[in-house]
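Here, each number is a calculation from the coordinates, and none is a lab measurement. Note that this is a predicted model, so its numbers are computed, not measured. In this analysis, Cβ positions are derived from the backbone assuming ideal geometry, glycine residues included, and neighbour counts consider all displayed protein chains.
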Amino acid sequence: MPGPKFTHNSDIHARLVVKNALLNQKNNMNDIILPACTYTEPQVASVGLNEVQLKKKGSKYETYTKFFDKCDRASCESEKGIYKVYCKEGTDEILGATLVGGPAGDLLGQITQAMTLKIGLGKIGDVIFPYPTFSESFGHMANY
């Protein structure tokens, strides 16, 4: 099986194989947007391309950064960390994200969902997030 050895990678491959075989669909395994998380202290999570990969490819991109010291929920819980979302230059198309700290693994789902559904960072900024939460940081990124 191609790709990282994550349970969720095996799951999506199995589901696509079944859909292709039994429902005559044409899902391409190369189209999978696969999130990854390491449940260490702090948590480290990523999806899509990171800065090193983007630079290596020669991609033109913009980085949106949110430090935890600017997130009220993180301040309340004395959490340290950073979120970075990489968008194609001049657009809000999300190319990838790296999150370190707090509930990074849980939060990565929002970005993975946006990438899968082709929702740009700007649309995330239109969402009303409960306050104070870690997830509101993505809304802040989109509105700056």
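Would you tally the net charge around Ala142, using a Cβ to Cβ cut-off of less than 9 Å, leaving Ala142 out, and scoring K and R as +1, D and E as -1? Display every interim value, and only then the final one.
Numbers: positive: Lys123; negative: Asp92, Asp126.
Taking every other residue near Ala142 into account, the sum is -1.
With N residues in the stretch 70-125, what two-decimal value do you get for its Cα radius of gyration over 2.2 N^0.38 Å? Let's see the in-between values first.
Working: Rg = 12.2 Å, N = 56, 2.2 N^0.38 = 10.2 Å.
Against the empirical 2.2 N^0.38 Å value, I get 1.20 for the stretch 70-125.
At q = 0.19 Å⁻¹, work out log10 I(q)/I(0) for the stretch 38-142 with the Debye formula, treating every Cα as an identical point scatterer and leaving solvent out; two decimals please.
With no solvent term, the Cα-only Debye profile gives -0.91.
Just want to confirm a number: the relative contact order over the stretch 38-142, from Cα pairs under 8 angstrom separated by 6+ residues, in percent.
Answer for the stretch 38-142 is 29 percent.
Hey, which aspartates and glutamates would be in cross-link range of Lys118, C-alpha to C-alpha under 14 Å, not counting anything within fewer than 8 residues on its own chain?
Cross-link targets: Asp31, Asp92, Glu93.
Within 10 Å, count the other beta carbons around each residue, average over each peptide in 133-142, 66-75, 51-60, and list them highest first.
133-142, 66-75, 51-60
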